[in-house]
Ligand code: URA
């Protein structure tokens, strides 16, 4: 790939998403929240939809759910600035209601293009809306911690950080899942490196997930 290709595509897609009027959420939004992160991340996180703070600023997961996510990432040694974070729908549903199936469908093309351009090592599904939208899954609480492979893409399942606000016992689950996700990415890197090591015996010290 040329050095500018994925960045250009991502920037072009983000501009298109910012202009999107495919569903009625475009009439009530303040800002489109296309997503945030580097162009070739190890991990891509997919939540449900922007909330009030995200809508005001145009960035994903910066309110109370974002603070919970940040803390879980940090505990697991995952650098937020090294991962890509987005949502199933890019505009805030009024009163933070769950996005309808029509809204999710309207936004589907944007999300699929993001997944294709970013081509992360693993996609972390945050909560039941993303689980149902992307994999047709029913219970994220029952399936959390699992890895599902679909069409050559690896998905890691965990609970939505906002669910922790209403059910404190899910915090341990979220934190443990982030540790497993970090280990999964590190193991993948180790396997990648084994091939390189045969040619180059020098090994750099272990790095935080997200730092390239
Ligand atoms: N909840 C989400 O699903 N996404 C955000 O960006 C913020 C809260």
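Laboratory data are not the source of any read-out in this text; all were calculated from the coordinates shown. Computed from a predicted structure; not experimentally measured. A quick note on method: Cβ atoms are made from the backbone with ideal geometry, for glycine too, and the neighbour counts reach across all protein chains shown.
Observations on the model:
- With the simple spin-label model, which puts each label point 7 Å out from Cα in the Cβ direction, the residue 187 to residue 56 separation comes to 4.2 nm.
- The stretch between residue 28 and residue 70, if pulled fully straight at 0.36 nm per residue, gains 12.3 nm over its current Cα-Cα span.
- In range of the label at residue 16: residues from segment 117-134 whose backbone nitrogen is under 17 Å from the point 7 Å along Cα→Cβ: 117-119
- Note on segment 30-148: antiparallel DSSP beta bridges, both residues inside, total approximately 10 percent of the bridges counted.
- Förster radius 30 Å - calculated FRET efficiency between residue 102 and residue 79, Cβ distance, rounded to 0.05: 0.25
- From least to most packed, judged by other beta carbons within 10 angstrom and beginning with the fewest, 113, 67 follow the order 67, 113.
- Beta bridges by DSSP in the chain, antiparallel share as percent, to the nearest 5: 30 percent
- DSSP-defined antiparallel bridges as percent of all bridges, segment 114-175, nearest 5: 50 percent
- Arranged from fewest to most other beta-carbon atoms within 10 Å of their beta carbon, 16, 112 become 112, 16.
- GNM on the chain, alpha-carbon springs under 10 angstrom: the most fluctuating residue among 44, 115, 178 is 115.
- Expressed as a fraction of 2.2 N^0.38 Å, the value expected for a compact globular protein of N residues, the C-alpha radius of gyration of the chain is 1.02.
- Residue order for 169, 119, fewest other beta carbons within 10 angstrom first, comes to 169, 119.
- CD proxy at 222 nm, helix term only [per DSSP H run n ≥ 4: -39500 (n - 2.57); per residue of the chain; nearest 500]: -14000 deg cm²/dmol
- Residue with peak Gaussian network fluctuation, the chain [Cα springs, cutoff 10 Å], from 168, 90, 121: 168
- For segment 10-54 versus segment 85-154, the inter-centroid distance based on Cα atoms is 13 Å.
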